[in-house]
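Asks: I'd like to ask some things about the structure below.
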Amino acid sequence: SKLAALFEHPLYTIPVPEVTEKDKLFIINPMEKFSLHSSGSDEWVSSSKAETLLPTGKTAYDTYPTWLKFHIGINRYELYPRQDPLLPILLRDLATQRIVSSVQKSGGTQLKLIMMFPNYGQALFKPMKQTRDQETPIDFFYFSDFERHNAEIAAFHLDRIMGFRRIPPVSGRLVNVTKEIRDITTDKKLAKTFFISPAGNVCFYGVCSYYCSTEHALCGKPDQLEGSMAALLPDKTLAKRHSWRSPWRRSYHKSKKAEWELNPNYCAQVRQTPPYDRGHRLLDLIDMTILDFLMGNMDRHHYETFEKFGNDTFLLHLDNGRGFGTHSRDELSILAPLQQCCSIKKSTYLRLQLLATQPYRLSDVLREALAADPLAPVLAEPHLWALDRRLGKVLVVVGHCLAR
């Protein structure tokens with residue numbers, strides 16, 4: 001296994017700093033007993049009222065559901081540990097746990113559902129809108145393309161292979177539109193959008209600002225529908241997150257350019273602006289840039305961090321559905337932060353060099369990781385080949401920076 005060998009390589013066994021109590025997202029008493037609110041809501045409180053957490057009704061940590069252990073394990077340095085025994089169990093839960101509730105997630109331009117499991121775990125479901133081999137048309141703007149369910153799955157595995165671990169776990173899943181959405185939803189607006197297509201398939205389109213109409217309906221075959229299931233992060237009432245506008249955000253205008261596209265010295269300006277004027281925030285943003293370039297994701301307008309950890313923590317790489325839309329073109333403008341700042345973490349650079357070598361070739365290790373997903377093959381082969389080509393281009397950019 002190339003993947004197992006990669007994760008055993010010295011570049012992937014560098015220990016994170018010691019995690020103290022203040023570095024944990026949640027501080028819990030492992031013997032604390034939790035119970036469900038008597039109001040019947042989905043919020044859990046501890047029996048002593050000393051601690052509010054999402055929880056289980058049992059007394060010991062070992063009896064907590066996997067999703068809760070995932071939440072409790074989040075710390076200042078990583079979303080989940082590198083060698084995490086919980087990860088395969090959590091991915092299996094996302095793919096197989098019985099769905100007891102499906103409601104539409106509010107906001108956003110495209111339809112997404114929040115699904116709940118019997119153990120009160122929740123997942124974000126993004127349904128399949130395009131086939132694996134449909135490329136984004138060359139005349140489409142980056143903000144008008146469909147989100148791709150398989151991009152969410154592949155992004156999670158790629159992020160882990162890069163050594164970042166900043167994307168919540170995602171698994172593919174085949175969902176029964178009738179039994180697991182229509183028949184159990186309590187969302188009246190969503191329920192009204194179901195219909196049977198002329199081909200006899202069960203379809204729905206939901207309510208949203210952009211792609212929610214009968215022309216953009218999601219249809220099962222006749223009621224089986226592929227989608228990505230992403231583990232949800234802790235509720236924002238329990239763990240507040242700060243949303244940051246990316247300095248290299250695109251204009252989201254059909255003819256206007258952003259400042260970074262016009263000013264070759266833009267990075268000097270960013271370096272003087274908090275939080276990029278100290279610590280490793282700029283380097284973390286460049287990590288995210290490289291991940292986006294490899295996926296071809298031009299739609300990174302914001303990123304998030306957990307408020308509790310202030311500015312000294314990792315960036316959450318959320319919402320990756322616009323990655324892997326094209327394999328025949330490489331969008332070099334995504335690399336603008338790396339090109340303009342000429343800065344990269346040494347550990348990231350060394351891992352990129354490693355992933356360009358035959359024993360650990362990026363396309364091979366990602367193909368192996370994706371082979372275990374229920375919806376395999378997750379990516380069409382040309383997307384995997386494009387990763388190796390793009391990795392080579394990142395190394396060329398870093399080479400130019402070193403020469404300068």
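Asks: Which of the residues spanning region 243-264 are part of a loop (DSSP other than H, G, I, E, B) and in contact (Cβ under 8 Å) with a residue 24 or more places away in the chain?
Replies: Result: Ser246, Pro247, Trp248, Arg249, Arg250, Tyr252, Lys254, Pro264.
Asks: If you don't mind, there's one more thing I want to ask. Filter region 197-238 down to residues that are in contact with a Ser or Thr (Cβ under 8 Å, 6 or more places away or on another chain), among the small types (Gly, Ala, Ser) and farther than 22 Å from Pro169 by Cβ, then give me how many there are.
Replies: 4
Asks: Now, a different point. Considering only residues of region 218-242 that are surrounded by fewer than 20 Cβ atoms within 10 Å (Cβ to Cβ) and within 17 Å of Lys105 (Cα to Cα), which is modelled with the highest pLDDT?
Replies: Leu232
Results for (1) closer than 30 Å to Asp277 by Cα; (2) open to solvent by less than 20 Å² (accessible area, probe 1.4 Å); (3) assigned to a loop (DSSP other than H, G, I, E, B), shown as yes or no for each residue.
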position	(1), (2), (3)
Gly323	yes, yes, yes
Leu352	yes, yes, no
Leu366	no, yes, no
Ala372	no, no, yes
Ala386	no, yes, no
Leu391	yes, yes, no
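Asks: Consider Thr313 against the criteria (1) among the hydroxyl-bearing types (Ser, Thr, Tyr); (2) assigned to a loop (DSSP other than H, G, I, E, B); (3) surrounded by fewer than 20 Cβ atoms within 10 Å (Cβ to Cβ): it satisfies all of them except one. Which criterion is unmet?
Replies: Failing condition for Thr313: (3).
Asks: Let me ask something else. Looking at region 296-309, can you tell me whether even one residue there is under 25 Å from Gln272 (Cβ atoms), open to solvent by 10 Å² or more (accessible area, probe 1.4 Å) and part of a loop (DSSP other than H, G, I, E, B)?
Replies: Yes.
Asks: Any idea how many residues of region 102-139 are surrounded by fewer than 18 Cβ atoms within 10 Å (Cβ to Cβ), of a type in the set (Gly, Ala, Ser) and under 16 Å from Ile184 (Cα atoms)?
Replies: 0
Asks: So, one more: Go through (1) of a type outside the set (Gly, Ala, Ser); (2) within 22 Å of Leu316 (Cβ to Cβ); (3) over 15 Å from the mean Cα position of the chain (by Cα) and name the single condition Phe156 misses.
Replies: (3)
This table checks each residue for (1) closer than 20 Å to Leu315 by Cβ; (2) of a type in the set (A, V, I, L, M); (3) open to solvent by 50 Å² or more (accessible area, probe 1.4 Å); (4) in contact with a Leu (Cβ under 8 Å, 6 or more places away or on another chain).
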| position | (1), (2), (3), (4) |
| --- | --- |
| Ser171 | no, no, no, yes |
| Lys192 | no, no, yes, no |
| Ile196 | no, yes, yes, no |
| Gly200 | no, no, no, no |
| Cys208 | no, no, no, yes |
| Cys212 | no, no, no, yes |
| Tyr252 | no, no, yes, no |
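Asks: Leu291 is checked against (1) buried (at least 18 other Cβ atoms within 10 Å of the Cβ); (2) more than 20 Å from Thr348 (Cα to Cα) and fails just one. What number does that condition carry?
Replies: Checking Leu291 against (1) buried (at least 18 other Cβ atoms within 10 Å of the Cβ); (2) more than 20 Å from Thr348 (Cα to Cα), the one that fails is (2).
Asks: I've got another one for you. What's the number of the condition Val175 fails, among (1) open to solvent by 30 Å² or more (accessible area, probe 1.4 Å); (2) touching a helix residue (DSSP H, G or I) at 6+ places or on another chain (Cβ under 8 Å); (3) aliphatic (A, V, I, L, M)?
Replies: (1)
Asks: Those residues that are open to solvent by less than 70 Å² (accessible area, probe 1.4 Å), farther than 18 Å from Ser333 by Cα and either in contact with a Pro (Cβ under 8 Å, 6 or more places away or on another chain) or acidic (Asp, Glu) (or both), I need them from region 265-283; list them, please.
Replies: Passing the criteria: Thr273, Tyr276, Arg281.
The values are calculated or read from the model by the stated rules, or taken from the named source; none is laboratory data. Being a predicted model, the structure only gives us computed values, none of them experimental. Cβ sites come from the backbone with ideal geometry, for glycine too, and all protein chains shown count toward neighbours. Ligands, DNA and RNA are excluded from the accessible area calculation, which covers all protein heavy atoms including side chains. Shrake-Rupley method; radii C 1.70, N 1.55, O 1.52, S 1.80 Å.
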